[in-house]
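Only one structure is covered here, and it is reproduced in the block below.
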Amino acid sequence: MPIPGEHHPAFEEYCECIFELHEDNLEVIQARIADRLQVSRPSVSEMIKRMSEEGLVVVSGGHITLTPSGEELGQRVVRRHRIAERFMTDILGLSWALAHREAGRWEHVMSNEVEEAMRQQLGNPTTCPHGNPIPGSGYTAPNAIPLVELKSGQTFTVSRIPEELEFAPGMLEFLEETNLMPGMSGTVATRRNEGSMTISINGADIDVVSFATERILVTV
């Protein structure tokens, strides 16, 4: 017998995806969900239809919005994913990339009791390792701007690595290896017209492509 409040992992995956796209201020349409989840557009269309029938989403003019029930489910999955990432990096010492992949599995099987125990063990964290807020933690985001808006010579502190970058192949490995991580400070050494930059962190010069500079959030 299913546990009350539980949903099929596919519904959880889609609610999580829609929640994160909205969190990053991206237009939530079927094509974007297909790209994020690496599934076909017909598959997304069929799943959104099922989710609409289940009362998890509303579709209007091609735009997809979570209902209160869908929002609650999305928040729960995102919260467990980010707590799991924090546990695996802070306690187990795993890399960002591995923790992200493993958390994608843990988020669907974690019980309320395990979630609460991990949260307490971690000291009630408010963000995942990449600076994204843990739903329900009371996190207040700083006034952050995209890295690309800075001029040469400006200093900054990394605030947040949005989810869109977490899904870009090789990006988490690059960011961790170069210390382009929340809390780290750096300076814009050179910026180019197309949005790419050379930045300096811990005395090392790092070339960062425009796809990353347009999305990495920093405080100045």
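Brief remarks follow.
- Within region 36-69, being under 22 Å from the mean Cα position of the chain (by Cα), loosely packed, with under 15 Cβ neighbours inside 10 Å and of a type in the set (S, T, N, Q) holds for Gln38, Ser40, Thr65.
- One residue from Ala117, Ala103 being surrounded by 18 or more Cβ atoms within 10 Å (Cβ to Cβ), aliphatic (A, V, I, L, M), more than 16 Å from Val220 (Cβ to Cβ) and modelled with pLDDT of 95 or more: Ala103
Conditions (1) touching a residue at least 60 places away in the same chain (Cβ under 8 Å); (2) in contact with a strand residue (DSSP E or B) (Cβ under 6 Å, 6 or more places away or on another chain); (3) among the β-branched types (Val, Ile, Thr), marked per residue:
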{"residue": "Val59", "(1), (2), (3)": "no, no, yes"}
{"residue": "His81", "(1), (2), (3)": "yes, no, no"}
{"residue": "Leu94", "(1), (2), (3)": "no, no, no"}
{"residue": "Ala97", "(1), (2), (3)": "yes, no, no"}
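- The set of residues in region 184-219 being without any contact (Cβ under 8 Å) to a residue 40 or more places away in the chain, in a loop (DSSP other than H, G, I, E, B) and either in the same structural domain as Trp96 (by the TED database) or not charged (D, E, K, R) (or both) consists of Met184, Asn193, Ser196, Asn202, Gly203, Val209.
- Lone qualifier among Glu13, Glu27, Glu72 - being within 21 Å of the chain's Cα centre (by Cα) and not in a helix (DSSP H, G or I): Glu27
- Residue match in region 120-137 (condition: closer than 30 Å to Val188 by Cα, among the polar types (S, T, N, Q), in contact (Cβ under 8 Å) with a residue 24 or more places away in the chain and open to solvent by 50 Å² or more (accessible area, probe 1.4 Å)): no
- Test: residue in region 70-91 that is among the polar types (S, T, N, Q), surrounded by fewer than 17 Cβ atoms within 10 Å (Cβ to Cβ) and assigned by the TED database to the domain that holds Glu12: no
- Criterion violated by Ser159 - all others in (1) among the polar types (S, T, N, Q); (2) farther than 30 Å from Ala10 by Cβ; (3) open to solvent by 50 Å² or more (accessible area, probe 1.4 Å) satisfied: (3)
The values are calculated or read from the model by the stated rules, or taken from the named source; none is laboratory data. None of these values were measured; they are calculated from a predicted model. Neighbour counts run over all protein chains shown; Cβ positions are idealised from the backbone, glycine included. In case anyone asks, the SASA skips ligands and DNA or RNA and just uses the protein heavy atoms, side chains included. Shrake-Rupley method; radii C 1.70, N 1.55, O 1.52, S 1.80 Å.
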